[in-house]
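Colleague: Here's a structure for you.
Computed from the coordinates by the stated procedures, all read-outs in this text should not be read as laboratory data. Everything numeric here is computed off the predicted structure, so don't read it as measured data. Backbone-built Cβ (ideal geometry, glycine too); neighbour counts: all protein chains shown.
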């Protein structure tokens with residue numbers, strides 16, 4: 001019994017640094033974006049600029065990471081919209097990514 005306990009304790013001590021190396025960093029973010037329509041719109045009742053709000057979550061593992069975003073666009077051309085996106089990231093402090101997303105409007 002004592003041998004099994006010693007083997008188990010040594011195994012845990014050897015595996016502990018490996019799990020620390022695989023653990024990732026969780027990041028939460030948020031922000032406000034000011035947007036402007038690129039073309040002049042002939043309609044008078046449509047806003048040509050406005051604010052949107054962004055909430056993001058990142059999980060970074062060494063040089064590889066994943067990001068999930070949700071952008072809330074209230075009164076975007078007189079409609080509320082939500083724009084979820086997912087990103088695959090490469091890098092650490094300075095990083096690049098490729099992602100996919102969609103804008104979902106009420107109208």
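Colleague: Taking the Cα-to-Cβ direction at residue 95 and at residue 59 and moving 7 Å from each Cα, how far apart do the two end points lie in nm?
Modeller: Spacing of the two 7 Å Cα→Cβ label points: 1.2 nm.
Colleague: Taking every alpha carbon pair in the stretch 24-105, what does the distance histogram look like in 10 angstrom bins from 0, in percent?
Modeller: Binned Cα distances yield the sequence 17, 40, 27, 13, 3, 0.
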